[in-house]
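See structure below.
The values are calculated or read from the model by the stated rules, or taken from the named source; none is laboratory data. If you're wondering where the values come from, they're calculated on a predicted model, not measured in any experiment. Note that each Cβ is placed from the backbone with ideal geometry, even for glycine, and that neighbours are counted across all protein chains shown. For the accessible areas, the whole protein counts, side chains as well, though only heavy atoms, and no ligand, DNA or RNA atoms are used. Shrake-Rupley method; radii C 1.70, N 1.55, O 1.52, S 1.80 Å.
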Amino acid sequence: MRGLYPVEVVREAENALMTRVPDGSLMQRAARAIAVECVRQVRERRGRLVGAHVVLLVGSGNNGGDTLFAGAHLAHRGLSVRAICVGSSCHDAGARAFTAAGGRFVSGDLDPSTLEEECANADLIVDGIVGIGARGALRDAAAHAVERANSSGAVRVAVDLPSGVDADTGDVDGVAFDADVTATPGCLKPGLFLVPGRRHVGDVLLVDIGLEPELPEPGARLIDPVDVAGLVTRPQEDDHKYRRGVVAVAAGSRVYPGAAILTVGGSRYSGVGMVRFLDRADGVAEKVVSVYPDVVCDGSDLRSDAKVRAWVCGPGFTESDASTVHMVLSSDVPVVLDAGALRSLATDSELRSECRRRAERGCTTVITPHAGEYALVAGSDGESMTPQRLARELGVIIVRKGPGTTITAPSGLSFIDTAGVPDLACAGSGDVLSGLMAGMLAARPDQDPLVVVSAAVWLHGVAAQYAGRRQRPVVATDVRDCLPEAIAAARSGNLEGLRV
């Protein structure tokens with residue numbers, strides 16, 4: 001699990017490290033690694049370095065200094081390197097090293113045709129305009145340079161993060177540099193992985209400058225494939241269906257019977273030994289078992305069944321099903337609430353109190369709202385209510401679904417998903433996710449629920465990526481049917497072609 005650090009924390013760590021190392025050494029460490037990546041990119045593009053033309057877009061801060069020192073390394077390697085200063089000044093030491101190595105400055109006061117010509121002739125453009133401290137829209141000169149760079153055919157490398165992307169939030173106000181690779185020194189920043197910023201980042205290269213010992217425990221993390229692999233292991237020789245876990249599903253209604261089928265479908269691929277479906281005598285159970293003959297349908301009170309290790313409740317529910325939500329929440333096993341159960345939670349104060357009581361008993365509750373459902377659950381404070389605050393107040397894990405899904409625990413620790421794709425924006429995909437999530441909680445009661453839930457989100461996204469490879473519109477049943485392929489990829493570590 002890789003940590004993500006906001007700008008304030010990064011600055012404190014950098015300042016602490018700089019008291020123990022020679023002046024300028026952090027910039028030199030970063031510059032060398034950035035130059036190595038630039039050389040690799042040029043070789044992949046051209047096959048050789050000789051004759052390659054590199055353009056540096058340089059701002060006045062330390063980000064520009066990193067870029068100029070990297071440009072000096074490239075010039076020493078024999079590349080033709082030109083720097084365009086788009087700020088009010090350039091980093092003094094970096095500029096001296098750059099010119100001493102044979103690099104050439106092009107006037108920052110460029111007319112559009114000259115700037116366009118420089119970018120059009122470049123094999124590689126390096127963005128060092130602004131760093132992690134920048135906020136808001138780029139100034140006119142910088143925005144103009146970024147637009148010209150984005151329209152060129154050159155490979156584009158961003159230093160630390162693409163100019164125009166907020167390092168903490170991923171917000172983009174206006175234009176942002178479109179990087180093929182972002183080389184970020186020291187540690188990863190949240191904005192590299194949050195939408196819309198992540199659309200501009202390309203591949204992320206973490207550059208080691210010795211910062212790690214100075215960093216505290218992160219408040220946000222990324223789920224890594226190796227973490228998921230440890231949660232989807234193959235059954236052992238002495239396993240049986242009850243040892244592998246039982247998940248109970250309360251889903252669907254006469255109005256929305258398909259939600260039950262999708263939710264059960266997600267649970268069946270979670271690694272559990274059995275899926276039990278709560279039969280509420282509304283005809284849905286018959287539909288479920290006609291699709292999945294291995295599912296056990298039961299109208300009894302499953303709270304008394306010690307074999308049930310987790311519940312999923314709410315997909316396809318209507319207002320008349322609130323009593324079932326109350327029943328499920330009174331259990332002492334992990335519960336995933338989705339869809340109709342969230343609408344009940346938004347209006348029923350007793351359900352909210354039950355979530356808090358479950359937290360006091362040490363029970364895991366997960367809610368999975370999309371943007372509209374989140375606003376309902378957050379209530380009148382919806383605009384300002386952060387997931388950290390809402391998770392703490394309700395005592396739940398919040399899976400806030402959408403572009404760049406975030407998973408937040410009551411402690412405030414969050415995971416940011418990197419595997420989700422736009423193909424997941426289809427009716428029913430959330431039902432598949434909630435079923436998968438509850439099943440994985442039932443299958444792995446020995447693991448941290450926050451990690452298990454984050455891994456389920458990751459697998460769901462990878463399944464959508466596999467479904468999208470068919471080059472046709474993706475629907476929820478496609479995501480469900482590609483879950484085995486996603487799990488196989490996690491087990492084997494064969495993630496070629498996947499965005500993870």
How long are the three semi-axes of the equivalent ellipsoid of segment 405-500, in whole Å, if each is the root of 5 times an eigenvalue of the C-alpha gyration tensor, listed from largest down?
22, 14, 13
C-alpha long axis of helix 429-443 to longest principal axis of the chain, angle in °:
70
Give me log10 I(q)/I(0) at q = 0.18, 0.21, 0.31 Å⁻¹ for segment 436-490, Debye formula, one equal scatterer per alpha-carbon, no solvent.
-0.58, -0.73, -1.18
About the Cα centre of the chain, what is the dipole size in debye to 20, counting +1 per Lys and Arg Cβ and -1 per Asp and Glu Cβ, all else neutral?
920
Whole number please: convex hull volume per residue, Cα atoms of segment 1-46, in Å³.
111
Taking a ≥ b ≥ c as the square roots of the Cα gyration tensor eigenvalues, with a/c under 1.5 meaning rounded and otherwise prolate when a/b beats b/c or oblate if not, segment 369-420 comes out oblate
As a check on your grasp of the helix formula, calculate [θ] at 222 nm for the chain: sum -39500 (n - 2.57) over DSSP H runs of n ≥ 4, divide by the residue count, round to the nearest 500.
-12000 deg cm²/dmol
Please report, to two decimal places, log10 I(q)/I(0) for segment 1-98 at q = 0.16, 0.17, 0.25 Å⁻¹ as given by the Debye formula with identical point scatterers on the Cα atoms and no solvent.
-0.75, -0.83, -1.25
Under the 0.36 nm per residue contour assumption, what length would be gained going from the current alpha-carbon distance of VAL475 and ALA371 to full extension?
35.4 nm
Can you give me the angle between helix 140-150 and the longest principal axis of the chain, using Cα atoms only, in degrees from 0 to 90, rounded to the nearest 10?
70
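Taking only the alpha-carbon atoms of segment 163-261, what semi-axes of the equivalent ellipsoid follow from 5 times the gyration tensor eigenvalues under a square root, in whole Å, largest first?
Over the Cα atoms of segment 163-261, the ellipsoid semi-axes are 39, 24, 12 Å.
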Charge context of ARG254, other residues only, Cβ under 14 angstrom, K/R +1, D/E -1:
-3
For segment 58-112, go through all pairs of different Cα atoms, get the mean of 1/r, take its inverse, and jot down that Kirkwood value in Å.
10.8
Of the accessible area of the chain, with the probe set at 1.4 angstrom, what percent is carbon plus sulfur?
48
Please compute the Kirkwood hydrodynamic radius over segment 266-336, one decimal place, Å, based on all pairs of different Cα atoms.
13.0
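Based on the mean of other beta carbon atoms within 10 Å per residue, what is the order of 41-48, 117-124, most packed first?
So the order, starting with the most tightly packed, is 117-124, 41-48.
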Quick one: accessible surface of TYR466, probe radius 1.4 Å, all protein chains present, in square angstrom to the nearest 10.
20
Please give the contour-minus-distance gain from ARG234 to ARG135: 0.36 nm per residue of separation, less the Cα-Cα distance, rounded to one decimal in nm.
30.9 nm
Can you tell me which lysines have their Cα less than 23 Å from the Cα of LYS189? Leave out same-chain residues fewer than eight positions away.
LYS401
Considering only the chain, percent of DSSP beta bridges that pair antiparallel, nearest 5
15
Can you give me the Kirkwood hydrodynamic radius for segment 207-289, using every pair of distinct Cα atoms, in Å to one decimal?
16.3
I'd like the FRET efficiency for SER25 and ARG45, computed as 1/(1 + (r/R0)^6) with the beta carbon distance as r and R0 of 30 Å, rounded to 0.05.
0.45
Using just the C-alpha positions of segment 103-152 as equal point scatterers, what log10 of I(q)/I(0) does the Debye formula give at each q in 0.18 1/Å?
-0.61
In segment 338-455, how does Rg compare with the Kirkwood Rh, expressed as the Rg/Rh ratio over alpha carbon atoms?
0.93
0 to 90° range, to nearest 10: angle between helix 483-492 axis and the chain longest Cα axis:
60
